[in-house]
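Participant: Below are the structure tokens for one structure; questions will follow.
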Amino acid sequence: QVHLVESGGGLVKTGGSLRLSCAASGHTFSTYNMGWFRQAPGKEREFVASISRYTGNTYYADSVKGRFTISRDSGKDTVYLQMNDLKPEDTADYYCACRSLGGGAFSADQYDYWGQGTQVTVSS
């Protein structure tokens, strides 16, 4: 069992930045591949970014590539999502997730554990 807690969401203006954090507990953090997803009102949950547990390889949705950066600090059992140049279309609830199988997974149903989410609102 893994417990994930997100933080760092908030209200920001277009072009601003936020850094989301996801703190993990309950199991060896380094054995999991980590991902970030988001869900806007009335829309399905969509993949944002992921980072592989052993290689550190990162994957991004085309919509955030070049603006968002995912990273992990195994010493702190935490994964981050640095979001720059935010746009109104980035407004959503952001969720951290982890999976024990291979990295590079882009579908929500491929992840085993989820956090409760943190809200990001980008005003125009």
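The values are calculated or read from the model by the stated rules, or taken from the named source; none is laboratory data. Keep in mind that this is a model prediction, so the values were computed, not measured. Cβ coordinates were reconstructed from backbone atoms using ideal geometry, including for glycine residues, and neighbour counts include every protein chain displayed. Areas reflect the complete protein model, heavy atoms only, side chains present, ligands, DNA and RNA absent. Shrake-Rupley method; radii C 1.70, N 1.55, O 1.52, S 1.80 Å.
Participant: Within the stretch 78-88, can you find the residues that are open to solvent by 50 Å² or more (accessible area, probe 1.4 Å) and either within 11 Å of the chain's Cα centre (by Cα) or farther than 16 Å from GLY9 by Cβ (or both)? Break it down into steps so the answer makes sense when it comes.
Facilitator: Of the residues in the stretch 78-88, the ones open to solvent by 50 Å² or more (accessible area, probe 1.4 Å) are 82, 84-85, 87-88.
Those that are open to solvent by 50 Å² or more (accessible area, probe 1.4 Å) and either within 11 Å of the chain's Cα centre (by Cα) or farther than 16 Å from GLY9 by Cβ (or both): GLN82, ASP85.
Participant: Now a separate question. So which residues in the stretch 107-124 are surrounded by fewer than 16 Cβ atoms within 10 Å (Cβ to Cβ) and part of a loop (DSSP other than H, G, I, E, B)?
Facilitator: SER107, ASP112, GLN116, SER124
Participant: Name every residue in the stretch 76-124 that is of a type in the set (A, V, I, L, M) and either without any contact (Cβ under 8 Å) to a residue 60 or more places away in the chain or over 13 Å from ILE51 (Cα atoms) (or both), in order of residue number. Before you say what the answer is, go through the steps one by one.
Facilitator: Restricting attention to the stretch 76-124, the residues satisfying the condition of being of a type in the set (A, V, I, L, M) are 79, 81, 83, 86, 92, 97, 101, 105, 108, 120, 122.
If the condition is that a residue be of a type in the set (A, V, I, L, M) and either without any contact (Cβ under 8 Å) to a residue 60 or more places away in the chain or over 13 Å from ILE51 (Cα atoms) (or both), then VAL79, MET83, LEU86, ALA92, ALA108, VAL120, VAL122 are the ones that fit.
Participant: Name every residue in the stretch 31-46 that is farther than 15 Å from THR118 by Cα and surrounded by 15 or more Cβ atoms within 10 Å (Cβ to Cβ), in order of residue number. Can you show your working first?
Facilitator: If we filter the stretch 31-46 for residues that are farther than 15 Å from THR118 by Cα, which is where we start, we get 31-34, 42-44.
Passing the criteria: TYR32, ASN33, MET34.
Participant: I've got another one for you. Among the residues of the stretch 62-69, is there at least one that is outside any loop (DSSP other than H, G, I, E, B), modelled with pLDDT of 95 or more, in contact with an Asp or Glu (Cβ under 6 Å, 6 or more places away or on another chain) and surrounded by fewer than 18 Cβ atoms within 10 Å (Cβ to Cβ)? Can you show your working first?
Facilitator: Taking the stretch 62-69 as the starting set, the residues that turn out to be outside any loop (DSSP other than H, G, I, E, B) are 68-69.
Remaining after also requiring modelled with pLDDT of 95 or more: 68-69.
With the extra rule that they be in contact with an Asp or Glu (Cβ under 6 Å, 6 or more places away or on another chain), the set shrinks to none.
No, that holds for no residue.
Participant: Considering only the stretch 73-91, I want to know if a residue exists there that is basic (Lys, Arg) and within 15 Å of SER7 (Cβ to Cβ). I'd like the intermediate steps shown before the answer.
Facilitator: Within the stretch 73-91, the subset basic (Lys, Arg) is 76, 87.
Right, trim to within 15 Å of SER7 (Cβ to Cβ) and you get 76.
Yes, that holds for at least one residue.
Participant: Another question, then. Report, by residue number, each residue of the stretch 1-58 that is in a strand (DSSP E or B), modelled with pLDDT under 95 and farther than 21 Å from PHE106 by Cα.
Facilitator: Result: SER25, single match.
Participant: Name the residues in the stretch 47-57 that are of a type outside the set (Gly, Ala, Ser) and surrounded by 17 or more Cβ atoms within 10 Å (Cβ to Cβ), would you? Break it down stepwise before answering.
Facilitator: Start the filter on the stretch 47-57 by keeping residues that are of a type outside the set (Gly, Ala, Ser), which leaves 47-48, 51, 53-55, 57.
PHE47, VAL48, ILE51, ARG53 - these are the residues of the stretch 47-57 that are of a type outside the set (Gly, Ala, Ser) and surrounded by 17 or more Cβ atoms within 10 Å (Cβ to Cβ).
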